[in-house]
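Each remark here refers to the structure printed beneath this line.
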Amino acid sequence: MPNLPLVALLPFFAAIAVTSLLTFFTIPFAKKFGLMDDPKLHKHPGIIHTKPIPRGGGLPLFLGTLLPSLFFIAFNQAMIAIFFAAFLTMGIGIIDDKFNGQSKDVSPYFRFIIHILAAVIVVASGVSIPFITNPFGSGILHLNEIKWSIPFLHITLLLSDIISILWLVWVMNMLNWSKGVDGQMPGIVAISAIIIGILSLKLNPTGQGGFIDAQLSFIIAGAAIGFLFFNFYPAKIFPGFGATALYLLLGIASILTSAKLATAILVMGVPLVDFMFTIIRRLLSKKSPFHGDKKHLHHILLSLGYSQRQIALFYWSISGILGMLSFLLESRSKMFAILMVIAITGGALLFLHSITNKNKKNEKLTS
């Protein structure tokens, strides 16, 4: 068994301490330099706060993972590429946080292109999903053996690389849409990273090739918890779009963990389904997937009278339960569990949307 304090606990608590300290100093920094989310200026339909609150939480989250990683993880070219990509997403996010809601804010489409570029940088450094366990039978599906050649571009595309890029972009945007109430996002990220970290140690107890995946996971979890101290309701600071760097690192950690993506998908099942449901709903309404609204699951729960703390705890509880369940399930059982989460959460979203729509119609008739 690995030396648990050295591999997991020290990086974990170091990230908590560093991120907490940096977040404390980021709050006055954000106020001084205008990194504020003012509901009077930022006319996004999903806004629920009523007074200006500092943004820019992505800066302490990024540094809170980078600094402990420099100390605990042996850096190579891949790690340099990983944190450069994370810096890229953090940088464009901080710029967007500065001008969000103003005429100069960053286009969501440009931000999306940066996310794709960051994912490509990571995959080009060698981080990809070479195989997955066959969820419908025995054996392994070797994704890196399926390839397509594009002669006029002189490049070869591997299925493993394509899936890895899609997964990283998916995680970045999914979690960006899962920070609607105070404390919601950091709790989901922390629980997901802890589950992935424990799985890393379980799959590689001797540390063959190093404990990079486990250490990075626990550092991400520590950073999320360190930020949560200031983000739980009532929030003193928001993560903003700069926090995309943390989501990218979480997606990378799930890939490094012997490509056990099923566990990551299961743990983040509820926000994942809400993300899918939102995209489909907006497309069916002939709107852009990036068109903001107030119809995410957390918005619906707020309209039904639940508090921000209750909603955050609901998301954390579901992630924790599904995470613990993932340790007990085989690959095929995980696939069944994922399908059940999709069916139950999707059905619940349809039901809740119908209730809220009826309530709105009744309010109009009585007014």
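The values are calculated or read from the model by the stated rules, or taken from the named source; none is laboratory data. Since the structure is predicted, the reported quantities are computational estimates derived from the model, not experimental observations. Glycine also receives a Cβ, built like all others from the backbone with ideal geometry; neighbour counts cover every protein chain displayed. Just so you know, the surface numbers come from the protein's heavy atoms only, side chains and all, with ligands and any DNA or RNA stripped out. Shrake-Rupley method; radii C 1.70, N 1.55, O 1.52, S 1.80 Å.
Take the residues in segment 100-115 that are over 16 Å from A243 (Cα atoms) and open to solvent by 40 Å² or more (accessible area, probe 1.4 Å), then tell me which one is modelled with the lowest pLDDT. Break it down into steps so the answer makes sense when it comes.
To start, the set of residues in segment 100-115 that are over 16 Å from A243 (Cα atoms) comprises 101-105, 107, 109-110, 113.
Remaining after also requiring open to solvent by 40 Å² or more (accessible area, probe 1.4 Å): 102-105, 107, 109-110, 113.
Numbers: Q102: 55, S103: 49, K104: 61, D105: 68, S107: 84, Y109: 90, F110: 92, I113: 95.
It comes out as S103.
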Hits in segment 20-72 - residues which are at pLDDT 90 or above and part of a strand (DSSP E or B): I53, P54
Number of the exception - K260 against (1) more than 27 Å from I82 (Cβ to Cβ); (2) open to solvent by 40 Å² or more (accessible area, probe 1.4 Å); (3) among the charged types (D, E, K, R): (1)
Of the numbered conditions (1) farther than 17 Å from L61 by Cβ; (2) crowded, with 22+ Cβ neighbours inside 10 Å; (3) among the small types (G, A, S), A190 fails exactly one; give the number of that condition. (1)
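Residue by residue, here is whether (1) among the aliphatic types (A, V, I, L, M); (2) within 11 Å of the chain's Cα centre (by Cα) holds:
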site	(1), (2)
A214	yes, no
N231	no, no
G240	no, no
A243	yes, yes
Y247	no, yes
L250	yes, yes
Specify which of the listed residues (V169, V127, V123) is touching an Asp or Glu at 6+ places or on another chain (Cβ under 8 Å), of a type in the set (A, V, I, L, M) and either under 21 Å from M79 (Cα atoms) or open to solvent by 40 Å² or more (accessible area, probe 1.4 Å) (or both). V123
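What is the residue count in segment 290-321 for residues that are out of contact with any Gly (no Cβ under 6 Å at 6 or more places or on another chain) and in a helix (DSSP H, G or I)? Explain how you work it out, then say what you get.
To start, the set of residues in segment 290-321 that are out of contact with any Gly (no Cβ under 6 Å at 6 or more places or on another chain) comprises 290-291, 293, 295, 297, 299-311, 313-315, 317-321.
Next, only the ones that are in a helix (DSSP H, G or I) stay: 297, 299-303, 308-311, 313-315, 317-321.
So the answer is 18.
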Within segment 288-298, does at least one residue satisfy the condition of being charged (D, E, K, R) and surrounded by fewer than 20 Cβ atoms within 10 Å (Cβ to Cβ)? yes
Note on I80: of the conditions (1) among the aliphatic types (A, V, I, L, M); (2) out of contact with any helix residue (DSSP H, G or I) (no Cβ under 9 Å at 6 or more places or on another chain); (3) crowded, with 16+ Cβ neighbours inside 10 Å, unmet is (3)
Out of everything in segment 142-166 that is closer than 14 Å to F131 by Cα and surrounded by 17 or more Cβ atoms within 10 Å (Cβ to Cβ), what residue ends up being modelled with the lowest pLDDT? L143
